[in-house]
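What follows is one structure encoded as C-alpha cells, with my remarks underneath.
The values are calculated or read from the model by the stated rules, or taken from the named source; none is laboratory data. Given the structure is predicted, the values throughout are model-derived calculations rather than measurements. Cβ coordinates were reconstructed from backbone atoms using ideal geometry, including for glycine residues, and neighbour counts include every protein chain displayed. The accessibility values were calculated without ligands, DNA or RNA, using every heavy atom of the protein model including side chains. Shrake-Rupley method; radii C 1.70, N 1.55, O 1.52, S 1.80 Å.
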Amino acid sequence: MSGPLSRNTRSRFVLPPGVPFFVLLSCTILLLYKADTYISQNNIGARNNVEAMPGRKFSRRIRNETWHATNNNTLSKVISNGTFDRNFEITWGDGRAKILNNGELLSLSLDKRSGSGFQSRHEYLFGKIDMQLKLVSGNSAGTVAAYYLSSEGSAHDEIDFEFLGNSSGDPYTLHTNVFSQGKGMREQQFFLWFDPTADFHTYSILWNPQCIIFSVDGTLIREFKNAESIGVPFPKNQPMRIYSSLWNAENWATRGGLVRTNWSGAPFTASYRNFSADACIWSSGASSCSSSSSSSNSSTKAWFTQRLDSAGLQRLKWVQKNHMVYNYCKDTMRFPQGLAPECKIS
C-alpha cells in the first residue's frame with residue numbers, strides 16, 4: 001500500500017500468514033526508535049546552523065560600544081538592587097525588550113515581526129553567574145529563549161543555556177552547549193522536572209580554569225572539564241559577555257521543525273530577575289581578579305577552585321539518568337568517525 005493507512009484500513013489490518021506477533025512488535029519498536037533518533041539528530045543538526053538564524057546572530061552582532069570601562073581594582077562582585085539598568089543594555093527588538101520595576105525586572109517579547117535581546121555591559125573572564133528566568137507559557141512551540149556567555153569572532157568561546165519551546169502540555173527542552181575556539185557540537189539536552197513557565201527558576205553557570213558547571217535551582221546538571229591535557233581547547237583566554245534573546249526558530253526548535261510557531265498566541269514573553277555575578281570583570285586588557293585587592297581575591301576564592309565533590313557528582317548522575325534526553329558523548333550515529341576526546345573523561 002503506497003499511502004498512509006486510513007482509519008478503516010488500520011482497523012482491519014491483520015498479521016501476514018506465518019509472521020509471529022513478537023517479530024512484528026520488535027520491528028515496530030525498532031522503527032519508532034530510529035524515527036525518534038532521526039528527529040533528534042535533525043534538531044541538533046539544525047541547531048548547529050543557528051548562526052544563520054536572525055534572532056541569535058543579531059543579538060550577538062549588535063553591540064553598544066559606549067559602555068563604561070571598569071577600573072581594574074573593582075571588586076569581582078557585581079550584584080545590586082536595580083541590577084538590570086546598571087549591568088545590562090537592550091540591544092535589539094524595537095521596544096519589545098523592557099527594563100521594569102526600577103531595574104529589578106527585565107522582559108523580552110517576540111511577535112511575528114521581531115524578537116528582542118539584551119547584553120551585559122561588562123565582559124567577564126571566569127565567574128559564577130546566576131539568573132532567574134520565567135519562560136514563555138502556553139504553546140511556545142518554535143520559540144527559543146537563549147541565555148549564554150560568548151566572546152567575539154569566528155574562534156569564539158561560548159557557554160549556552162537555550163530553552164526550546166513546546167506544544168502545550170509537552171515539556172520544554174533545556175539545551176546546553178559549550179564552544180571553545182569556535183568549535184561546538186557539544187550538546188546535552190534535558191527535560192526539566194518542573195514547569196519553567198509557572199514561576200522563576202535560577203539557572204547558573206560556574207566557569208573557572210578547571211571546569212564549567214551548569215546548575216538549575218542549585219541542582220547540577222552538567223560539567224564540562226578542562227581537557228587540555230588530551231588536546232581539547234578550553235575557554236579560558238577570551239572574556240565573554242552575557243547575552244540573552246527571545247526569537248523565532250520554528251524551522252528547527254520544536255521536534256526538528258515539525259511543530260511550527262502558532263502566532264495567534266503572540267506576543268510571547270520571557271522574564272528575568274535576580275541577576276548576580278561573582279565574577280572577574282575584564283577591562284582594558286586585564287581582569288579585576290588580577291588586582292592586588294585582597295577583597296577581590298577573597299570574593300572569587302570559593303568558586304575559582306571549585307570542582308564537583310562526591311555529593312555533586314551523585315546529583316549530576318541522578319539528573320542525567322532521569323532527565324537527560326540527548327548527549328553528544330553517546331551519539332555514535334552522528335559521530336561515526338568517533339566521539340569527541342573529552343567524552344572519555346566526562
Considering only the stretch 92-112, I want to know if a residue exists there that is under 17 Å from F161 (Cα atoms), modelled with pLDDT of 95 or more and not small (G, A, S).
yes
Looking only at the stretch 153-188, and only at residues there that are modelled with pLDDT of 95 or more and open to solvent by 10 Å² or more (accessible area, probe 1.4 Å), the one that is farthest from F304 (Cα to Cα):
M185
Subset of the stretch 269-291 [surrounded by fewer than 17 Cβ atoms within 10 Å (Cβ to Cβ) and in a loop (DSSP other than H, G, I, E, B)]:
S284, G285
Any pair with Cβ under 8 angstrom, 6 or more apart, that starts in the stretch 302-320 at a residue that is open to solvent by 90 Å² or more (accessible area, probe 1.4 Å) and ends at one that is part of a loop (DSSP other than H, G, I, E, B)
T305/N208; T305/Q210; R307/Q210
Determine whether N64 is modelled with pLDDT under 50, in contact with a helix residue (DSSP H, G or I) (Cβ under 8 Å, 6 or more places away or on another chain) and either closer than 23 Å to E152 by Cβ or assigned to a loop (DSSP other than H, G, I, E, B) (or both).
no
How about the stretch 239-291: which of its residues are over 17 Å from the mean Cα position of the chain (by Cα) and of a type in the set (A, V, I, L, M)?
L258, V259, A266, A277, A279, I281, A286
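Which residues, counting only those in the stretch 242-268, are crowded, with 21+ Cβ neighbours inside 10 Å and in contact with a Lys or Arg (Cβ under 9 Å, 6 or more places away or on another chain)?
Y243, S245, L246, W247, N248, A249, W252, A253, T254, T261
Might you check whether a residue that is modelled with pLDDT of 95 or more and on the phi > 0 side of the Ramachandran plot occurs anywhere in the stretch 249-261? Walk me through it before giving the result.
Of the stretch 249-261, the ones modelled with pLDDT of 95 or more are none.
Checking the stretch 249-261: not a single residue is modelled with pLDDT of 95 or more and on the phi > 0 side of the Ramachandran plot.
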